[in-house]
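S.K.: Sharing a structure below in structure tokens format, with a few things to ask.
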Amino acid sequence: MTLARQLADGIAALGLVIDDGQQQQLLAYVGLLDKWNKAFNLTAVRDPAEMVTRHLLDSLAVLPYLGTGHTLDVGTGAGLPGMVLAITRPAQTFTLLDSNGKKTRFVRQAALELGVTNVEVVQARVEQYRSESFQNGSPQVITRAFASLPDMLSLTGHLLADGGRLLAMKAAQADAETATVPAPWHAQCIALTVPGLNESRQLVMLERTAAQQPVEQG
């Protein structure tokens, strides 16, 4: 099976509509990742067909749950899931954040070569990152295999005002972690099925609700 057919079949299985041009960009991204990976060890996945499954389709599985606000991909690594999501949502803005200079250099070059203009690539630690984009509207943070939920909230909470959302992509059941999520966060777990991948995947959506105002005593 060609990579193009594998991707198209996977997109159909996910119930998504992604145009031919975007699919070609996604395959070109895999081509760049495969090329750079030989020299810079950006991902443990070596086979391009496995990259389609584990990187492209795994990232696309969260697309139906992604809001439309400015999105920060924390620990993006080689651009996952942020680059994949940005290609399929060209009208939406994304910031791809990672502290590893080797990986952020690749993501910048990939965005340039692929003509992806709706991404900003930032090399920084998340606890030190600040942005005006997260002061208004309904921003969201997405992470993929980054840290435990308590650690994610501790590291990213300063970026999310009332109404902000944190989307955590997990490889295993996260029920035990969600049980420890403190107020004012509300957690929802969604089981994901990635075409061609016989492994558990879960998306944990954490929404920050408005803080209650204290009641004045008469």
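The values are calculated or read from the model by the stated rules, or taken from the named source; none is laboratory data. As the structure is a prediction and not an experimental result, all values here were calculated from the model. Cβ placement follows ideal geometry from the backbone for every residue including glycine, while neighbour counts extend to all protein chains displayed. Protein only, heavy atoms only, side chains kept; ligands, DNA and RNA dropped before computing areas. Shrake-Rupley method; radii C 1.70, N 1.55, O 1.52, S 1.80 Å.
S.K.: Would you check the accessible area of Ser200, probe 1.4 Å, heavy atoms only, in square angstrom rounded to 10?
M.R.: Using a 1.4 Å probe on the heavy atoms, I get roughly 50 Å².
S.K.: So which lysines pass the test for Lys170, namely a Cα distance under 26 Å, with those fewer than 8 places away in the same chain ruled out?
M.R.: Lys102, Lys103
S.K.: Another question about this same structure. Please report the orientation-averaged projected area of region 138-192, defined via the convex hull of its C-alpha atoms, in nm².
M.R.: For the Cα atoms of region 138-192, the hull's average projected area reads 3.7 nm².
S.K.: Considering only protein heavy atoms and a probe of 1.4 Å, how much of the accessible area of the chain is carbon and sulfur, as a whole percent?
M.R.: About 50 percent, which is the carbon plus sulfur part of the accessible surface.
S.K.: Also, I was wondering about something else. Apply the Karplus curve 6.51 cos²θ - 1.76 cosθ + 1.60, θ = phi - 60°, to the phi angles in region 117-124 and return the couplings in whole Hz, x for Gly and Pro.
M.R.: Once rounded to whole Hz, the list reads 9, 9, 10, 10, 9, 10, 9, 5.
S.K.: What does the accessible area of His186 come to, in Å² to the nearest 10, when a probe of 1.4 Å is used?
M.R.: 110
S.K.: Residue by residue through region 74-84, which ³J(HN,Hα) values in whole Hz follow from phi under the Karplus form 6.51 cos²θ - 1.76 cosθ + 1.60 (θ = phi - 60°), with glycine and proline marked x?
M.R.: 8, x, 5, x, 8, x, 10, x, x, 5, 4
S.K.: Which far-off residues, 5 or more places away or on another chain, put their amide H under 5 Å from the one on Leu72, with H placed in the peptide plane?
M.R.: So Leu72 has HN proximity to Thr95, Gln140, Val141, Ile142.
S.K.: May I ask for the longest run of the chain untouched by GluC sites (Glu not before Pro) that are loop-located per DSSP and have at most 16 neighbouring C-beta atoms (other than their own) within 10 Å?
M.R.: 1-198
S.K.: Under 25 °C and 0.890 mPa s, how fast does region 24-68 diffuse according to Stokes-Einstein, given a Kirkwood radius computed over C-alpha pairs? Answer in µm²/s, whole number.
M.R.: 218
S.K.: Per residue, how many Å² of accessible area does the chain show with a 1.4 Å probe? Present the calculation step by step, with values, prior to reporting the outcome.
M.R.: Values: 10550 Å² over 218 residues.
Each residue of the chain exposes 48 Å² on average to a 1.4 Å probe.
S.K.: Still on this structure, I have one more. What list of ³J(HN,Hα) values in whole Hz, one per residue of region 94-103 in order, does the Karplus curve 6.51 cos²θ - 1.76 cosθ + 1.60 (θ = phi - 60°) give from phi, with Gly and Pro shown as x?
M.R.: Per-residue couplings from phi come out as 9, 10, 9, 10, 7, 8, 8, x, 4, 6 Hz.
S.K.: A further question on this structure: Could you run the Debye sum over the Cα atoms of the chain, one equal point scatterer each and no solvent, and tell me log10 of I(q)/I(0) at q = 0.09, 0.12, 0.17 Å⁻¹, two decimals?
M.R.: -0.35, -0.62, -1.24
S.K.: Say a site is exposed when it is one of the trypsin sites (Lys or Arg not before Pro), sits in a DSSP loop, and has at most 16 other Cβ atoms within 10 Å; what is then the longest site-free stretch of the chain?
M.R.: 131-218
S.K.: If you don't mind, there's one more thing I want to ask. Cross-link candidates for Lys38: which aspartates and glutamates have Cα within less than 16 Å, leaving aside residues fewer than 8 places away along the same chain?
M.R.: Output for Lys38: Asp47, Glu50.
S.K.: OK, next. In degrees, nearest 10, range 0 to 90: what is the angle between the Cα axis of helix 3-14 and the longest Cα principal axis of the chain?
M.R.: Between the helix axis and the principal axis of the chain, the angle is about 30 degrees.
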